[in-house]
Amino acid sequence: MTTESAVTPGRRQSLRLIAAGIASGVAGASGGWCPAAWATPTDMLAAITAFSRGQTLHSGGVRLLVPELVENGNSVPVTVSVDSPMTEREHVRRIALFSEKNPQTQVAVFHLGPRSGRADVTTRIRLADSQRLVAVVEMADGRFLQTAVEVIVTLAACIEN
């Protein structure tokens, strides 16, 4: 039988120390992780430009379904649908979702192909505050499509103490 050394913490003691560190200053009132700095609209534009490799973004053919008013930003349903026949010649390659004020601007990237059947993805995301969400779609022919929505969040997913 072995005993934990006072000098070298055991696994349980290490986990307690990590949890205490998280609880003492990193966790917000909602219990989520709260970084010191939020992304800005400029950060979002840079992330979109990197995703689209600087190509022109076209409007139309993309639907971004998000409730306009969200009571709780901890779990927000999001659906992105693209008008595409999803054939070998014409299909969606990637769908990306960007947020204006979350800690990371690129929230999600979905990879699709002609065998996906439909260009329709649904997920749940956390929203740190009221903000603009942008969906950017890469088509097989190299075109990029986009759409955006404004979302009002009454209870942010991460509240600073």
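The values are calculated or read from the model by the stated rules, or taken from the named source; none is laboratory data. The shown structure was predicted, so the numbers you read here are calculated from the model rather than taken from an experiment. All Cβ positions, glycine included, derive from the backbone under ideal geometry; neighbour counts span all protein chains shown. These area figures cover heavy atoms from the full protein model, side chains too; ligands, DNA and RNA do not enter into them. Shrake-Rupley method; radii C 1.70, N 1.55, O 1.52, S 1.80 Å.
Note on region 119-138: residues that are under 27 Å from Gly54 (Cβ atoms) and surrounded by fewer than 18 Cβ atoms within 10 Å (Cβ to Cβ) amount to 2. Checking the stated criteria, Thr154 turns out not to satisfy the condition of being polar (S, T, N, Q), within 10 Å of the chain's Cα centre (by Cα) and in a strand (DSSP E or B). Close Cβ contacts (under 6 Å, 6 or more residues apart or on different chains) running from residues in region 61-82 that are among the polar types (S, T, N, Q) to residues that are open to solvent by 20 Å² or more (accessible area, probe 1.4 Å) and at pLDDT 95 or above comprise Ser75/Arg124; Thr79/Leu65; Thr79/Thr122; Ser81/Arg63; Ser81/Asp120.
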